[in-house]
Structures are given as structure tokens and as C-alpha cells.
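So the structure is just underneath, and the comments pick up after that.
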Amino acid sequence: MSRLGLPRLFKREDAISRGAYNGYVLATMVALALLTALAELLGNAVLRDTMQQILIYGSMAVAYDYFTGFTGYYNLGFGAFTAIGAYTFVFLSIAGWPLPVCVILGGVASSLFGFLISYPFFRLKGGYFAIGTLSMILLLHTFFTNFYQYTGGTAGIILPYPTSPLAFPLMISSLLLLLLAIYVHLSIRQSRFGLALRSIKEDEEVTESFGVNTFRMKGLALALSAFFGGLAGALFSIYLGFISTDIVFSLNLDFLPLVASLLGGSGVFLGPLVGSFILSLADLNLPTFINRLFPSVTVGPLVVNGTILLVMGLFLPAGIVNASFLKRYSAARPDELILRRLRRTPPRNSLAPRSRSRSSGLPQ
């Protein structure tokens, strides 16, 4: 058994073209850094705002994929993690704590919350788990709204946003968070921990029969997803400069990582990135474009996200990336890896007749 409680059968995956997959990860990181630098150098406000939004939404989507993409459990309450991270950052920053410490503690608070809710929610399966997580964010919205004396409620709280970019470089911080999130996604995918999570996605009961503590594996994945979601939520509050319960607990922000992951394709790092990129451009441009064509029609983000989900469910249920040529660079499924190892392992008591030496005098 390993330190994570995994049996030795769950070794590091024998990835198909792991070098090519790692190359795509490195190329994506370099491209993100170059695009961020270009947006900063050009100084265009619209371009900077769009890039900032892509970085934060991308971090949320990649963090969401840590749990849902690997385990197959659809978390419809991911917005609770970003909201807790945002409010933790606001409370601590108003109290005068250093901003980087506030961001990190926002992630820690979200991770602790994710760990605490794991026990009751992991007793639910399938659609019941999804409905339970959705009810969680609705409950938190009501709770935070009722305590408006502290949270600001629907009126909100204006953040003490730093006047100088040097006080807190939001763009660089968002880029570093996204790069770190991508690296963690790659590390999970190429580890025994990730193999165990994907085995849970294939068949949780069979995975338990191999001696894997599935409850612990899912709890670790959810806590890790919540941690990065809290970090992204803290940066999102800085990006807005204002926070209210109607914003951070909105269904639009809650469903955004889910839609981005399904749009791009779950289980691969590039899927949530592609999805968040498309959603950012669609949210910024599509409502205006439709309003110009049909002045009497008002299109909100929920309509855009719902339409994207409908189209993807009908034509590309696996996502854009999983349906493209990049799929051949993905790692093999857990059941394929197990069968591959079983084929390579000779049976201990073979029933095949052994060849006899000619010197024994026995017939061949």
C-alpha cells in the first residue's frame, strides 16, 4: 500500500505519448504567458479586461475539473467555493491583512469547507449528489443575505482596491494561478492518485474491491478543487472591486466552470481552458451581437450557457478537445491499463505442457 492508501496495482499510468501530452502542456503555458504579456504591453483596456477574465475563469474551470473531470461526480455547487474564498479575502483585507495572505487564506477556507461537506454529500450518488450540491449554494446564498450586517447582502461591499498595480499585480497573479492549476492537473493525471480517481469514474464498486479508499480519494480531490476555487474567487473579487451575494452566489458564476469543462472536454487540461476562452468571448460579445440583430431580445449569460450546453449535448457530448485529434495523446483509461498489466503478467501456475529435454529420453 502507498501513503495514499492505494494498492500497488494502481501504479503510475502508462500514458500513451506522455511526452507529447507534456509538450502540449508546456506549449499552452508559454502561450498563456505570451498572451498575457501582449495584453499588458498593448495597454488596450478591453483586451486587458478580456484576458483577465479568461485567466480567472480558466483557473475556476481547471480547478473544477480536479473533482468532476476525474471522478465523474457533477458538482453543481462549485460557486460556493469561489464565494467563500471571495468573502474570506474581503473580510481579511478590510481588517488590514496583507493581500497575498488574504488570497491564500481564502483558498484555505474554501478547502476546509469542501472537506467538511464531503462526508454528508458523498453518501449521495449520481443525480442526488448534483442536486445536493446545488441546494448547498442556494442555502449559502440565503444565509449570507440574511446576515447582511456583516456580508453586505445584496447591497454588497466595496473593496479597498489597491490604487497602484505594484501593490497587487492582479494580472500576473491570475496568470500564476492558472499556470499552477494546469501543473497540478497534469500531476494528478499522471499519478496513482489520478488513476484511482478515474477508476472511481469508471466503476466505484470495482475500485473499492481493489482496496482503494474511495471516500478518502474523493475527499482529497474535492478539497483540492475547493482550494483553487477559493483562490480564484479571491482574485475574482479583486477584479470586480465589489462583492455581493447576488454576484458570487449567482447561478451564472456557479455554472460557468461546469459549462466550460463540458464545452472544452473534461479530464484533459486543455478542455476547461478552451471552454473558458469561448465562454469569456461569448459572454462579452454574443449578447451585444444578438441585441443588434434583434433589438427587442435581451440575452443574458444564463441563456448563452444554456444554449451552449444544449448544442454540446446534441453534437459534441465529449467536448471539443476530446473530439479532436488531441484525444490520441490522452492517457489510456484505467480499465485498459489494468488489462494491459494483466496481459504482461504471466500466470503463476500455467497449465501449458512444458517442453522436455532431448537428453531425457522421453517423447517430445
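Each value in this text was obtained by applying a stated rule to the coordinates, not by laboratory testing. Predicted model, so just to flag it, every value in this text is computed and none were measured. Quick reminder, even Gly has a Cβ in these numbers, built from the backbone with ideal geometry, and neighbours come from all protein chains shown.
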Distance in nm between label sites at TYR183 and PHE242, each 7 Å beyond Cα in the beta-carbon direction? 3.6
Using Cβ contacts closer than 10 Å as the measure, can you line up MET136, MET51 from fewest to most? MET136, MET51
PHE210 versus LEU310, label points 7 Å from Cα toward the beta carbon: distance in nm? 4.0
Note on region 18-250: contact order normalised by length, alpha-carbon pairs under 8 Å, 6 or more apart, percent, works out to 40
From the Cα centre of region 55-114 to that of region 190-219, the distance in Å is 24
Calculate the spin-label point distance for ALA318 paired with GLU202, positioning each point 7 Å from the Cα along the beta-carbon direction, and give it in nanometres. 1.6
FRET efficiency estimate (nearest 0.05) - Cβ-Cβ, ALA27 to ILE158, R0 45 angstrom: 0.65
Quick check on the exposure proxy: order VAL311, VAL304 from fewest to most C-beta atoms within 10 angstrom. VAL311, VAL304
Quick shape check on region 18-250: root eigenvalues a ≥ b ≥ c of the Cα gyration tensor, a/c under 1.5 is rounded, otherwise prolate if a/b tops b/c, else oblate, and it reads oblate
Could you line up THR154, THR133, THR82 from fewest to most neighbouring Cβ atoms inside 10 Å? THR154, THR133, THR82
